[in-house]
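What follows draws every value from the coordinates through simple rules; no lab data is involved. Note that this is a predicted model, so its numbers are computed, not measured. Here the Cβ is made from the backbone with ideal geometry for all residues, glycine too, and neighbour counts use every protein chain on show.
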Amino acid sequence: MSKKILVFYFRGERYEVNEDGHIKANGLQEHSPDWIFLGGSQHHWSGRATVTLKDAFAAPKTLNGCLGWDKDHGTMRRWGGRYCGGLPRIQHACVVVKS
């Protein structure tokens, strides 16, 4: 059975997200059931993901330039920090099919 995987880069690191939102990154061997990708937002003042996970699978390029949002062990957060002198943004988003 083939599965769709959302793939993108954030702060130079590759992220893989399955259709349930489970994230695989930071050296994880499998998608984490406790780390859920919610989507992205273009503006840093937004209080929520404006590009949802469903939107991202339908049109992955809409995530490019967004700040990431996740829920980690029940806590919702916007991805932040500094990268190359600015707020880190999602880049090179696409959907791949894995069998």
In sequence order, calculated HN-Hα J values of segment 82-99 (Karplus, 6.51, -1.76, 1.60; Hz; x Gly/Pro): 10, 8, 6, x, x, 5, x, 10, 6, 9, 6, 6, 7, 10, 10, 10, 10, 9
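How much net charge surrounds Ser32 when only the other residues with a Cβ under 13 Å from the Cβ of Ser32 are counted, with Lys and Arg +1 and Asp and Glu -1? Present the calculation step by step, with values, prior to reporting the outcome.
Numbers: positive: Lys24, Lys71; negative: Glu16, Asp20, Glu30, Asp34, Asp70, Asp72.
Local net charge: -4.
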Sparse-neighbour loop sites [trypsin sites (Lys or Arg not before Pro); the chain; at most 14 other C-beta within 10 Å; DSSP]: Arg48, Arg82
Under 16 Å from the Cα of Lys3 - lysines, other chains or at least 8 residues apart: Lys24, Lys54, Lys98
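Can you give the charge dipole size of the chain about its Cα centre, rounded to the nearest 20 debye, using +1 on the beta carbon of Lys and Arg and -1 on the beta carbon of Asp and Glu? Walk me through the intermediate numbers first.
Working: 14 positive and 9 negative charges, 57 e Å.
Here the chain has a charge dipole of around 280 debye.
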Most mobile listed residue (Gly27, Gly80, Gly68) in the chain, GNM with C-alpha springs under 10 Å: Gly27
Distribution of pairwise C-alpha distances over the chain, 10 Å bins, in %: 17, 54, 27, 3, 0
Square roots of five times the Cα gyration tensor eigenvalues for segment 52-99, Å: 21, 16, 10
Pair Asp55, Val97: separation of 7 Å Cα→Cβ label points (nm): 2.6
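Note down the relative contact order for the chain as a percent, whole number, built from C-alpha pairs under 8 angstrom at least six residues apart.
Values: 217 pairs, mean separation 31.6, N = 99.
This gives 32 percent for the chain.
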Residue among Pro33, Pro60, Pro88 with the largest mean-square fluctuation in a Gaussian network model of the chain, springs linking Cα atoms under 10 Å: Pro33
